[in-house]
Amino acid sequence: MPCEGKLQGMKLKQLDGLMAFWIVAKRRGFTAAAAELEVSPSALSQAIRQLETRVGVRLLNRTTRSVSLTEAGEAYLARVGPALGQVLEAGEELNVLQGRPAGTLRLNAARISTAMVLQPMLAGFLREHPHVQLELTTDEGFVDIVERGFDAGVLSAPIEF
């Protein structure tokens with residue numbers, strides 16, 4: 001990543017105020033932005049002032065009636081706006097999946113266990129959980145499922161008569 005070296009010295013506080021700036025710029029006002037972020041307009045204004053102090057340039061023109069972006073604010077918004085939008089979208093996607101199984105389920109089982117135990121159960125399970133992908137490996141010998149990265153394993157025990 002091109003900015004990886006810069007991240008090492010970066011302090012977490014440098015990210016403070018980005019969301020405030022983005023929402024104020026999007027809403028073109030402190031009152032609407034404060035309502036969306038559920039904070040007071042004065043707290044929002046202070047967050048923007050601190051951001052402007054950190055970046056060393058004024059990002060917003062403020063009057064008692066309006067808010068507009070400075071030239072530097074326009075350029076900054078063009079760079080950080082898409083990234084912040086992607087961060088929010090990623091969070092929303094995670095919220096959608098919250099409480100639902102998702103991802104790859106890696107199983108290891110003997111052939112007989114697969115036929116007798118797993119196959120009858122898996123079709124219904126996969127229908128009920130469309131965000132789950134199944135990776136099923138059949139193996140007749142003992143397998144260290146943890147070492148090989150499986151989520152679970154089903155062994156078949158010899159049947160004695």
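The values are calculated or read from the model by the stated rules, or taken from the named source; none is laboratory data. Remember, predicted model here, so these are calculated numbers, not experimental data. Every residue, glycine among them, receives a Cβ derived from its backbone with ideal geometry; neighbour counts consider all protein chains shown. The accessibility values were calculated without ligands, DNA or RNA, using every heavy atom of the protein model including side chains. Shrake-Rupley method; radii C 1.70, N 1.55, O 1.52, S 1.80 Å.
Within region 90-120, the set of residues being basic (Lys, Arg) and surrounded by 15 or more Cβ atoms within 10 Å (Cβ to Cβ) comprises 106 only. Here residue 87 meets each of (1) within 30 Å of residue 60 (Cα to Cα); (2) at pLDDT 90 or above; (3) of a type outside the set (Ser, Thr, Tyr) with one exception, condition (2).
Within region 72-87, being farther than 16 Å from residue 28 by Cβ and not hydrophobic (A, V, I, L, M, F, W, C) holds for 79, 82, 85, 86. When residue 44 is tested against (1) in contact with a strand residue (DSSP E or B) (Cβ under 9 Å, 6 or more places away or on another chain); (2) touching a residue at least 24 places away in the same chain (Cβ under 8 Å); (3) crowded, with 16+ Cβ neighbours inside 10 Å; (4) not acidic (Asp, Glu), exactly one condition is not met: (1). Note on region 69-89: residues that are farther than 12 Å from residue 18 by Cα and open to solvent by less than 50 Å² (accessible area, probe 1.4 Å) total 3. Residues that are within 31 Å of the chain's Cα centre (by Cα) and under 24 Å from residue 28 (Cβ atoms) are absent from region 122-134.
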